[in-house]
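K.L.:
Below are the structure tokens for one structure; questions will follow.
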Protein chains: 2
Amino acid sequence: MSDASSERAPLGQLGDGARLDWLRLARAETVGASAFQHLIGRFGDPRRALEALPSLARRAGRGQAPATPSEAEAAAELAAGAAMGARLIASCEPDYPEALRAIDPPPPVLWALGDAALLGRRSVAVVGARVASAAGCRFARGLAADLGAAGLVVVSGLARGVDAAAHEGALETGTIAVLGGGIGDVYPAENAGLYARIAERGLIVSESEPGRRAQARDFPRRNRIISGLSVAVVVVEAEQRSGSLITARLAAEQGREVLAVPGSPLDPRARGCNDLIRQGAALCEGADDVLRAIEPLSGMRAPPPIGWSEEDGEPTPDLIEAVFTLLSPAPAPIDELARQVDAPAPLVFAALVELSLAGRAQLGGGRATIAGH
Amino acid sequence: MSDASSERAPLGQLGDGARLDWLRLARAETVGASAFQHLIGRFGDPRRALEALPSLARRAGRGQAPATPSEAEAAAELAAGAAMGARLIASCEPDYPEALRAIDPPPPVLWALGDAALLGRRSVAVVGARVASAAGCRFARGLAADLGAAGLVVVSGLARGVDAAAHEGALETGTIAVLGGGIGDVYPAENAGLYARIAERGLIVSESEPGRRAQARDFPRRNRIISGLSVAVVVVEAEQRSGSLITARLAAEQGREVLAVPGSPLDPRARGCNDLIRQGAALCEGADDVLRAIEPLSGMRAPPPIGWSEEDGEPTPDLIEAVFTLLSPAPAPIDELARQVDAPAPLVFAALVELSLAGRAQLGGGRATIAGH
């Protein structure tokens with residue numbers, strides 16, 4: 001909401017009456033998320049916006065007032081959600097996720113079933129083909145587990161294939177499933193077990209009324225929430241023209257990082273991802289690529305010095321010699337050397353320091369060369 | 001060669017005597033390609049350069065004159081190549097490929113067996129893993145055929161796997177195999193049939209003496225010619241730390257386009273290619289991507305070599321030692337060294353050439369290092 005409207009806008013937790021009005025306005029005919037945001041900013045609260053609706057519509061050339069749910073109808077939606085164990089979070093409320101609030105426009109309401117605290121954590125979306133290869137699913141599951149281990153919540157769309165694998169991989173560490181339909185609309189049916197486990201250990205969210213069956217037009221809105229909840233979207237296997245590419249496009253529009261997992265040109269399921277990379281998406285071979293992409297202010301800071309702590313241990317004589325054999329007069333980046341000897345960079349750096357103390361290596365600018373004579 | 005020296009340099013077809021001298025200078029001890037280029041520019045012809053070698057090396061601190069093949073030895077090399085049906089092309093001659101002449105420094109001589117007219121056509125290198133997957137070989141073969149159909153010559157290294165497949169795919173349309181060893185050194189043995197077919201329908205080239213067996217250190221020089229002959233290098237399947245990645249790096253240094261074929265993160269043979277893409281190589285799913293990349297014909301020219309003219313004068317012993325003290329195992333740009341000793345770059349380059357003749361410095365790509373031992 002703009003500064004101009006902030007003093008009039010109902011910020012913070014809604015009371016019962018305001019919640020009903022907020023939901024009625026959100027569900028009013030022809031009131032999309034953009035209009036909702038504007039009306040709240042302009043009229044300060046949903047009640048006054050609801051009152052103004054007929055005249056605004058009329059003034060703009062519409063004969064009849066937009067249909068608006070009654071208070072009773074809104075109360076029924078709230079009751080239906082509550083009966084399923086879900087709760088409604090309005091875009092003005094503290095529990096509404098910051099990342100989603102930053103998209104233009106944010107969904108006015110979000111139904112949430114499960115651990116709503118996940119909405120307060122940093123999230124990455126992992127999405128992809130419904131008809132995915134076994135390898136694609138395995139990759140998605142492993143990526144999600146690694147992202148979870150790195151403290152990130154994994155968001156996806158509970159579809160077949162890559163989505164389901166991503167949720168499964170992050171079930172222990174935190175995952176959010178965004179539905180196209182309402183809470184309780186389990187689709188596809190084969191994901192019923194996964195749905196139940198996410199509702200219990202993770203979080204199910206939806207913009208729609210509880211129980212509503214998903215329709216085709218709901219999925220782009222769903223995709224917008226998947227990317228909107230996330231600092232980055234990773235696409236794993238996607239044919240050209242697939243829904244995952246729409247999510248990637250929305251993510252880019254929302255200023256989120258887009259990553260894609262490459263694949264062989266001979267595999268049609270890699271086409272969409274390879275296209276994304278060609279268009280500028282970051283290449284993703286694993287969680288490290290994601291962590292690099294979302295590092296705040298990346299590229300604006302010099303690489304930090306390679307630290308050393310006691311737990312890195314001491315370099316062994318074998319490691320020191322392995323590092324030395326890689327040195328040449330051409331400067332080699334230390335992280336490259338670390339990859340080549342398959343040891344942690346701090347440990348390799350320690351080995352290089354010892355080689356330099358021995359007069360066998362030269363160090364500088366994060367790179368190492370063999371010492372001259 | 002620089003404008004200043006071009007009137008004295010032996011441009012055009014060499015006569016028999018000049019050809020012998022050219023080859024003797026090219027094969028002289030401690031005379032690398034950089035020094036060769038400088039000496040020809042400075043002394044105008046190889047005979048005078050040969051005569052100056054002992055005093056130049058002595059001035060830079062080397063006790064004995066660099067060993068130089070006799071005229072008889074050079075004539076024997078020419079005869080050996082001719083007996084194999086090959087011919088020597090000097091870097092000053094019209095048949096020497098333009099693209100290769102543009103690299104810094106160009107190989108002084110090239111042995112060629114087969115259809116040397118292929119050197120006059122636009123070429124693309126297709127290189128990759130020796131232990132390639134069937135899919136990788138199939139892709140390389142198809143890519144080479146498509147590039148050939150588009151009028152491009154396909155260059156590769158006659159190695160197992162991707163290289164062999166690329167040559168096979170372009171056998172009908174034109175392919176150049178660059179050897180690490182000399183003409184006649186068929187390696188690996190399983191490619192003997194392919195070698196014969198390329199010699200008959202395509203072209204085999206080598207910087208080395210005919211019959212010389214390839215050694216490990218010959219392959220980076222071979223890779224530099226593969227990329228140097230080409231407007232673009234496509235890497236198909238490459239593990240991390242593989243020779244194909246060296247070719248890609250050399251191509252980038254030479255201002256050539258670098259493309260890489262993506263692959264699944266689960267396939268170790270895709271690691272090198274995915275890394276290249278992450279570092280900015282263009283993604284290649286087929287010949288169209290190559291054609292798009294080379295359309296502008298942007299690169300192709302390395303920075304011009306540092307010329308030498310009479311008015312630059314001779315480097316003094318003091319200057320030579322001042323330059324030497326600045327050298328380290330880390331490559332130093334020549335213009336930076338020139339700034340540090342406050343002398344004109346051509347003069348500093350002359351000092352570096354003399355140091356290299358004395359075995360105390362190494363030159364290449366406009367940069368200098370202390371010579372390793």
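The values are calculated or read from the model by the stated rules, or taken from the named source; none is laboratory data. Worth saying up front: this structure is predicted, and the values here are computed from it rather than measured. Counting neighbours? That spans all protein chains shown, and the Cβs are built from the backbone with ideal geometry, glycine included. Side chains included, ligands, DNA and RNA excluded: accessible areas come from the protein's heavy atoms. Shrake-Rupley method; radii C 1.70, N 1.55, O 1.52, S 1.80 Å.
K.L.:
When you scan the range B:93-123, how many residues do you find that are in contact with a Pro (Cβ under 6 Å, 6 or more places away or on another chain) and over 18 Å from B:PHE36 (Cα atoms)?
P.N.:
1
K.L.:
In addition: How many residues does the range A:117-159 contain that are basic (Lys, Arg) and more than 15 Å from A:ILE176 (Cα to Cα)?
P.N.:
Number of matching residues: 2.
K.L.:
Considering only helices (runs of 4 or more DSSP H) fully contained in the range A:95-174, which possess at least 3 residues that are within 22 Å of A:ASN274 (Cα to Cα)?
P.N.:
A:134-149, A:162-169
K.L.:
Given the conditions (1) closer than 30 Å to B:GLU200 by Cβ; (2) open to solvent by 40 Å² or more (accessible area, probe 1.4 Å), which single one is not true for B:LEU78?
P.N.:
Status for B:LEU78: all satisfied but (2).
K.L.:
Another question, if that's okay. Quick one: which residue in B:GLU168, B:GLU207 is modelled with pLDDT of 95 or more, charged (D, E, K, R) and in contact with a Pro (Cβ under 8 Å, 6 or more places away or on another chain)?
P.N.:
B:GLU207
K.L.:
Identify the single condition in (1) surrounded by fewer than 24 Cβ atoms within 10 Å (Cβ to Cβ); (2) at pLDDT 90 or above; (3) at the interface with another protein chain (Cβ under 10 Å from one of its Cβ atoms); (4) in a loop (DSSP other than H, G, I, E, B) that B:GLY372 does not satisfy, given that it satisfies every other one.
P.N.:
So B:GLY372 meets the others, but not (2).
K.L.:
State which residue pairs qualify: first residue away from every other protein chain (no Cβ under 14 Å) and without any contact (Cβ under 8 Å) to a residue 60 or more places away in the chain and inside the range A:107-135, second residue open to solvent by less than 10 Å² (accessible area, probe 1.4 Å) and of a type in the set (Val, Ile, Thr) in any location, beta carbons under 7 Å apart, and separation of 6 or more residues or different chains.
P.N.:
Partner pairs satisfying both residue conditions: A:ARG121/A:VAL153.
K.L.:
Can you find, within the range B:175-189, the residue that is nearest to B:CYS137 (Cα to Cα) among those that are at pLDDT below 95 and either assigned to a helix (DSSP H, G or I) or among the β-branched types (Val, Ile, Thr) (or both)?
P.N.:
Residue satisfying both the conditions and the ranking: B:ALA189.
K.L.:
Given the options B:GLY211, B:GLY193, name the one that is open to solvent by less than 50 Å² (accessible area, probe 1.4 Å), away from chain A (no Cβ under 14 Å), farther than 30 Å from A:PHE139 by Cβ and touching a residue at least 12 places away in the same chain (Cβ under 8 Å).
P.N.:
On inspection, the qualifying residue turns out to be B:GLY211.
K.L.:
Can you name the number of the only condition in (1) surrounded by fewer than 20 Cβ atoms within 10 Å (Cβ to Cβ); (2) free of Cβ contacts under 8 Å to residues at least 60 places away in the same chain that A:SER91 fails?
P.N.:
Of (1) surrounded by fewer than 20 Cβ atoms within 10 Å (Cβ to Cβ); (2) free of Cβ contacts under 8 Å to residues at least 60 places away in the same chain, only one is false for A:SER91: (1).
K.L.:
Looking only at the range A:191-214, decide whether some residue is within 30 Å of B:SER133 (Cβ to Cβ) and assigned to a helix (DSSP H, G or I).
P.N.:
The answer is no, given that none of the residues of the range A:191-214 is within 30 Å of B:SER133 (Cβ to Cβ) and assigned to a helix (DSSP H, G or I).
Condition check ((1) in contact with a Phe, Trp or Tyr (Cβ under 8 Å, 6 or more places away or on another chain); (2) more than 13 Å from chain A (Cβ to nearest Cβ); (3) of a type in the set (Ser, Thr, Tyr)) across all residues:
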residue	(1), (2), (3)
B:ASP218	no, yes, no
B:ARG224	no, yes, no
B:ALA232	no, yes, no
B:GLN240	no, no, no
B:VAL261	yes, no, no
B:PRO265	yes, no, no
B:ALA281	no, no, no
B:ALA287	no, no, no
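K.L.:
Let me ask another. Looking only at the range B:328-364, count every residue that is within 14 Å of chain A (Cβ to nearest Cβ) and of a type in the set (Lys, Arg) and tell me the total.
P.N.:
Total meeting the criteria: 1.
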